[in-house]
Protein chains: 2
Amino acid sequence: VRVGLLGCGRVGQALVTLAGRRNAIAGWVHVECVCALVRDLHRRRGETDVRLTTSAAAVLDAGIDVVVDVMGGVEPARTIVTAALDAGLPVVTAGKTLVARHGPALRALARRCGVTFSYEAAVVAGVPFVGALTRRPHASDVNGISGIVNGTSHFVVTAMAAGATTARALTHAVGLGYAETDAEADLGGRDAAEKLTILRHLCGEPLATVDDVLCRSVRDLEPADFAGAHLLSGSIKPVAIAPFDAGSRTAWVGPAFLPSGHVLASLSGVDNAVQLRRGAGETVTFAGPGAGPEVTAATILDDVVEAATSRRAESEPWLTQQGRRVPRGTESAWFVRILKEPAVTACELATWLGELDVPYERLVSDRAGVYVRTTAAPWHAIERAESAMRDRGVAALAMPVLAR
Amino acid sequence: VRVGLLGCGRVGQALVTLAGRRNAIAGWVHVECVCALVRDLHRRRGETDVRLTTSAAAVLDAGIDVVVDVMGGVEPARTIVTAALDAGLPVVTAGKTLVARHGPALRALARRCGVTFSYEAAVVAGVPFVGALTRRPHASDVNGISGIVNGTSHFVVTAMAAGATTARALTHAVGLGYAETDAEADLGGRDAAEKLTILRHLCGEPLATVDDVLCRSVRDLEPADFAGAHLLSGSIKPVAIAPFDAGSRTAWVGPAFLPSGHVLASLSGVDNAVQLRRGAGETVTFAGPGAGPEVTAATILDDVVEAATSRRAESEPWLTQQGRRVPRGTESAWFVRILKEPAVTACELATWLGELDVPYERLVSDRAGVYVRTTAAPWHAIERAESAMRDRGVAALAMPVLAR
């Protein structure tokens, strides 16, 4: 299988190395990276036999069988991928921004051109399940998605739960190669919102957009939140949820409260997981490493092998049907924390929550704050309560409570 | 897509019902069950339009596109499936006994005949990952498999952990439809051994057999075991493990000790899960419902849709390479319980363990028993210690401790 690479950064180089190592094993599908599109021919890279070029046309015309996109971002990847599909070349991409913004259109184009377009590495790179969702109408007939889909924010939140400050946790993550120096897309939620959007496209919402997702940053978390969650027998994790609420926004990314014993609560570090809820209360979980050059490269290589050894004969009509199910978010319970500066008494808080129509189920407090677990309530009521408290100078933060 | 059924029991009837309901939705692949092979034409069944026959040849000649096997057991399923593949018909089966005993040979036959042979419903029916393992050489390049793959024994052990006797837990499981009256294959481990063997075939051990698996029954568990596991900060689950030990047996099915916080410990009831360990300490988890007629029927239908809409172009050479990896089981730590009848003191026990070359790491006791967590030790040493204690009339039971 002759592969043309778009991009030759960390993942591209890991791919070349892994393919070379695998080709040495008899009986494995031989994958050869013949050329790679790069921006700068003279940038320092590891030793590689791959021919580098700055011309996308030269890659597509190099007699290749499969195009692998590891450029990131939308352009020029979108233009080149479109040209490749038009030319009858199967495309494998790890580009979550590209797939989140233009996945349904590119899939439709691939179907018209009779070639495969696969992106298993775009969401929870180490666990193969995206391909199954595209091929299997019952498996993708879900009425709820939740998960931890950003490894960097998970690492940072796990470190914060163990007592580190956000800044120190982030420095540590950068040092281990888990985060870029500019981690805003990870901590602020945009990366997770893109992955959630890709999953929504596969699970009955082909018209979902990244802008539908309400994002809250894990930077809003305070040390007190972890202590309070512990007092209420739970933990805090950065999650993605859809459908989120019956209100205007239907998807959410941000910190959430997980009751102890929740499957997602047993994960830590940079682990990722996606849970799909189906008909009769069934939950399916896919968990494993979410990123890293080697893991991503192995998944891309598997996509290349699949593209080379199987052929799609027909279309997947169920993927293009908006509203195959129309999910309505259900009301969630909420974890609300209020820092004790200026001093807030539990009594005052309870009164406020009562006035604001958000009844609490459990209330605990320690030296740093007051922590409430509410009964089920719509997001707009919680949001109103939260901003009303903030208007009074109270440091309040609300997080959804994930059902098991 | 015209389907010929082999068997029309609970799963077959659920399949017919589900396909009928799905066909009413525009845009879905239309699946029609045209005829079904049955043993007895006159047995009472639910309302169905499916033509019943006692002739396998009549099913294969009915102008069908896909054969679905829901007969169970080995014969006559094996003979008919072989004939179907020979006739160029793709086959979907839920028959774990058939696939565990003859899967590699049937896969090879299917490849020679250029058709698909799929069995996603045979292991953890509700979670699609078996197909991905067959198609993806890197995903299936694992060096360890562990999991909870039998729902009945998981339900029984979960109920026992909550205080029920084995007998009462089993009666409850039968009442809920989770178990047959004769649950020996579930509780004794044969069902799990078959599923583990199917996974080993996909993960580099095409020559693995069901007889390689050392099976221990969950019937050996006593109420004291759950109390002891709790004292040592863990819980007990019925698991399947491969590779198990560097000794003669390389796979194990039976009760094991899980440290608290283990992903598998967060599951309960009839949940199933499979964990695959890869290269650099990465673990991938697939969890969800393991059985039930509706879940199994939906997974079979997805296999039918896949068989009808995609075509395998080439073979999967990596699946037939024995020893692609040669897994050596590592030594495990052990949880050992000794019932206090006849009275055993912690001191006596520690002495025995010391004499028997199994050093303990933690030792606790309560009124019912003494519980030990050993350091890493090979199975033959533990087995020797266990039978030596039994020879002295001590009710000892050893279980492996699962690593996270």
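Go through segment A:77-117 and count every residue that is touching a Lys or Arg at 6+ places or on another chain (Cβ under 8 Å) and among the polar types (S, T, N, Q).
Total satisfying the criteria: 1.
Under the condition of being more than 7 Å from every other protein chain (Cβ to nearest Cβ) and in a strand (DSSP E or B), which residue from segment B:273-284 is surrounded by the fewest Cβ atoms within 10 Å (Cβ to Cβ)?
Step by step, filter segment B:273-284, then rank; the result is B:Arg277.
In segment B:54-66, what residues are touching a residue at least 24 places away in the same chain (Cβ under 8 Å) and within 31 Å of the chain's Cα centre (by Cα)?
Of everything in segment B:54-66, those that are touching a residue at least 24 places away in the same chain (Cβ under 8 Å) and within 31 Å of the chain's Cα centre (by Cα) turn out to be B:Ala56, B:Val59, B:Leu60, B:Ile64, B:Asp65, B:Val66.
Please list, ordered by first then second residue, the pairs with beta carbon atoms under 8 Å, 6 or more apart or interchain, first in segment A:285-313 and facing chain B (nearest Cβ under 9 Å), second in a helix (DSSP H, G or I) and modelled with pLDDT under 85.
A:Leu301/A:Arg22; A:Arg312/B:Thr309; A:Ala313/B:Thr309
Restricting segment A:246-272 to residues that are of a type outside the set (S, T, N, Q) and at the interface with another protein chain (Cβ under 8 Å from one of its Cβ atoms), which is nearest to A:Gly20 (Cα to Cα)?
Our first condition is that a residue be of a type outside the set (S, T, N, Q); within segment A:246-272, this holds for A:246-247, A:249, A:251-259, A:261-265, A:267, A:269-271.
Next, from what is left, pick out any that are at the interface with another protein chain (Cβ under 8 Å from one of its Cβ atoms): A:261-263, A:265, A:267.
Details: A:Gly261: 43, A:His262: 41, A:Val263: 37, A:Ala265: 38, A:Leu267: 33 Å.
Per the stated criteria, the residue is A:Leu267.
Take segment B:70-88 and flag every residue that is open to solvent by 10 Å² or more (accessible area, probe 1.4 Å), of a type in the set (A, V, I, L, M) and within 18 Å of B:Cys8 (Cβ to Cβ).
B:Val70, B:Met71, B:Ile80, listed by residue number.
Just to confirm my filter: which strands (runs of 3 or more DSSP E) fall fully inside segment A:1-104 and include at least 2 residues that are among the β-branched types (Val, Ile, Thr)?
A:66-69, A:91-93
Answer with yes or no whether B:Ala256 is surrounded by fewer than 24 Cβ atoms within 10 Å (Cβ to Cβ) and either under 18 Å from the mean Cα position of the chain (by Cα) or not in a loop (DSSP other than H, G, I, E, B) (or both).
no
Taking segment B:1-53 as the search range and keeping residues that are charged (D, E, K, R) and in contact (Cβ under 8 Å) with a residue 40 or more places away in the chain, which one is surrounded by the most Cβ atoms within 10 Å (Cβ to Cβ)? Working first, answer last.
From segment B:1-53, those charged (D, E, K, R) are B:2, B:10, B:21-22, B:32, B:39-40, B:43-45, B:47, B:49, B:51; that's our starting set.
Still in the list and also in contact (Cβ under 8 Å) with a residue 40 or more places away in the chain: B:2, B:10, B:22.
Numbers: B:Arg2: 15, B:Arg10: 16, B:Arg22: 19.
Restricting to residues being charged (D, E, K, R) and in contact (Cβ under 8 Å) with a residue 40 or more places away in the chain, the top hit is B:Arg22.
Would you confirm whether any residue within segment B:61-69 is among the β-branched types (Val, Ile, Thr) and open to solvent by 20 Å² or more (accessible area, probe 1.4 Å)?
no
Count, please, the residues in segment A:194-221 that happen to be open to solvent by less than 60 Å² (accessible area, probe 1.4 Å), more than 13 Å from A:Gly151 (Cα to Cα) and in a helix (DSSP H, G or I).
10
Return only the number of the condition from (1) out of contact with any strand residue (DSSP E or B) (no Cβ under 9 Å at 6 or more places or on another chain); (2) on the phi > 0 side of the Ramachandran plot; (3) not polar (S, T, N, Q) that A:Gly63 does not satisfy.
Every listed condition holds for A:Gly63 apart from (1).
Keeping to segment B:334-389, report how many residues are charged (D, E, K, R) and over 29 Å from the mean Cα position of the chain (by Cα).
9
Can you list the strands (runs of 3 or more DSSP E) lying wholly within segment A:306-389 that have 1 or more residues being at pLDDT 75 or above and open to solvent by 30 Å² or more (accessible area, probe 1.4 Å)?
Values: elements: A:310-312, A:334-339, A:360-365, A:369-374.
Strands (runs of 3 or more DSSP E) meeting the threshold: A:360-365, A:369-374.
Scan segment A:222-249 for residues that are over 25 Å from A:Leu363 (Cβ atoms), open to solvent by 40 Å² or more (accessible area, probe 1.4 Å) and either touching a helix residue (DSSP H, G or I) at 6+ places or on another chain (Cβ under 8 Å) or modelled with pLDDT of 95 or more (or both) and jot them down.
Let us first name the residues in segment A:222-249 that are over 25 Å from A:Leu363 (Cβ atoms), namely A:240, A:242-243, A:246-249.
Now restrict to residues that are open to solvent by 40 Å² or more (accessible area, probe 1.4 Å): A:246, A:248-249.
Residue satisfying the conditions is A:Arg249 alone.
So which residues in segment A:89-107 are free of Cβ contacts under 8 Å to residues at least 60 places away in the same chain and open to solvent by 40 Å² or more (accessible area, probe 1.4 Å)?
Selection gives A:His102, A:Ala105.
The values are calculated or read from the model by the stated rules, or taken from the named source; none is laboratory data. Just so it is clear, the model here is predicted, and its values are computed rather than measured. Reconstructed Cβ throughout: ideal geometry from the backbone, glycine too, with neighbour counts over all protein chains shown. The protein model used for the area step is the full one, side chains on, heavy atoms only, and it has no ligands, DNA or RNA in it. Shrake-Rupley method; radii C 1.70, N 1.55, O 1.52, S 1.80 Å.
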